[in-house]
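A.B. asks: Take a look at this one; I'll ask things after.
A short reminder: the numbers here are calculations on the coordinates, not readings from a lab. As the structure is a computational prediction, the values presented were derived from the model and not from experiment. All Cβ positions, glycine included, derive from the backbone under ideal geometry; neighbour counts span all protein chains shown.
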Amino acid sequence: MSEQNDVRVTIRVDKALKENAESLFERLGLNMSVAFNMFLRKAVNEDAIPFPVSTTNAGYGHGISADLITSAFIATVRNDIKSSQQMGLPVAKYDVVKKQAYLEFTDGIREYVNG
């Protein structure tokens with residue numbers, strides 16, 4: 001962003017929220033200005049607020065589509081599998097052809113479960 005296009009924006013925020021946000025952004029290598037610009041760009045690109053907004057709070061998952069929950073679940077499982085493999089741990093899988101569960105070790109060896 002060029003300096004001549006920069007404008008100053010002033011917003012009021014709860015002090016504790018500001019401090020917590022600054023702490024988070026610092027850990028992420030960002031500052032408040034960069035983070036706010038990221039939010040604005042994401043909102044403009046999506047032509048929407050980039051997270052669910054609701055007038056009610058009906059608990060976990062309210063306002064979140066089943067597809068988004070499924071995608072988040074799959075991503076979490078993939079990350080867990082990758083983490084287990086990096087630690088040298090076997091990963092539980094299922095063989096659809098044999099209709100049997102097995103452990104797959106980092107060297108590729110499969111140990112099928114009896115039953």
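A.B. asks: Would you kindly compute the Cα radius of gyration of the range 10-51 and its largest Cα-Cα separation (Dmax), both in Å?
C.D. replies: Cα radius of gyration and Dmax of the range 10-51 are 11.3, 30 Å respectively.
A.B. asks: Can you tell me the orientation of helix 66-86 relative to the chain, as the angle in degrees between its alpha-carbon axis and the longest Cα principal axis, to the nearest 10?
C.D. replies: For helix 66-86, the angle is close to 60 degrees.
A.B. asks: While we're looking at this one, here's another question. With no solvent and one point per C-alpha, what does the Debye sum give as log10 I(q)/I(0) for the chain at q = 0.18 Å⁻¹?
C.D. replies: -1.11
A.B. asks: If you build the convex hull over the alpha carbons only and average its shadow over all orientations, what do you get for the range 63-115? Give it in nm² to one decimal.
C.D. replies: Over all viewing directions, the range 63-115 projects a mean Cα-hull area of 4.9 nm².
A.B. asks: GNM on the chain, C-alpha springs below 10 Å: top fluctuator among V34, V97, V53?
C.D. replies: In this elastic network of the chain, the residue with the biggest mean-square fluctuation among V34, V97, V53 is V97.
A.B. asks: Now for a separate question. Below 8 Å, C-alpha to C-alpha, sequence gap of six or more: please give me the relative contact order for the range 63-115 in percent.
C.D. replies: Rounded, it is 20 percent for the range 63-115.
A.B. asks: In whole percent, what relative contact order does the chain give with Cα contacts below 8 Å and a gap of six or more residues?
C.D. replies: 9
A.B. asks: Which longest uninterrupted range of the chain lacks any chymotrypsin sites (Phe, Trp or Tyr not before Pro) assigned by DSSP to a loop state (not H, G, I, E or B) and surrounded by at most 14 other Cβ atoms within 10 Å?
C.D. replies: Values: sites that count: Y60, F105.
Looking at the chain, 1-59 is the longest stretch - no exposed chymotrypsin sites (Phe, Trp or Tyr not before Pro) with at most 14 other Cβ atoms within 10 Å.
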